[in-house]
1. If you roll a 1.4 angstrom probe over the protein chains with everything in place, what fraction of the accessible area of the chain belongs to carbon and sulfur, to the nearest %?
2. Would you mind getting me the FRET efficiency between residue 1 and residue 28? Use the beta-carbon distance for r and R0 = 35 Å, nearest 0.05.
3. For residue 51 and residue 13, calculate 0.36 nm times their separation in residues minus their Cα-Cα distance, and state this gained length in nm to one decimal.
4. What number does the chain give for Rg over Rh if you use C-alpha atoms and the Kirkwood radius?
5. Find the accessible area per residue for the chain; the probe is 1.4 Å, ligands and nucleic acids are left out, and the unit is Å².
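The values are calculated or read from the model by the stated rules, or taken from the named source; none is laboratory data. Given the structure is predicted, the values throughout are model-derived calculations rather than measurements. Cβ placement follows ideal geometry from the backbone for every residue including glycine, while neighbour counts extend to all protein chains displayed. To get the accessible areas, we keep the full protein, side chains included, count just its heavy atoms, and leave off ligands, DNA and RNA. Shrake-Rupley method; radii C 1.70, N 1.55, O 1.52, S 1.80 Å.
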Amino acid sequence: MVYSYQVVKFQSISFVQGTHWSQSVSDKGVLYKSLKDPFSKLIIQSSNGSKKLFHIPKDRTVIVLNDTVHFLGELA
């Protein structure tokens, strides 16, 4: 697997199987941590309407700030 840093403007986000994620809040935004080994799944619908599925490796954090999401992951 090749993971790269992603910064995506989004319209909506779906965290596949909510039990695979933990949530917290910081001054950087809302943080979601991947809990499933080897990865958790994240679906992002961009502002142009396209949907993409990403794999987020275990113990990595997804940062949601305003209408942008930042994470290390790969396109599935």
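1. Details: 2420 of 4710 Å².
Carbon and sulfur together cover 51 percent of it.
2. Numbers: r = 26 Å, r/R0 = 0.73.
After rounding to 0.05, the efficiency reads 0.85.
3. On the way: separation 38, 0.36 × 38 = 13.68 nm, distance 0.93 nm.
Full-extension gain reported as 12.7 nm.
4. On the way: Rg = 11.3 Å, Rh = 12.2 Å.
Checking Rg against Rh, the ratio lands at 0.93.
5. Details: 4710 Å² over 76 residues.
Per residue, the chain has an accessible area of 62 Å².
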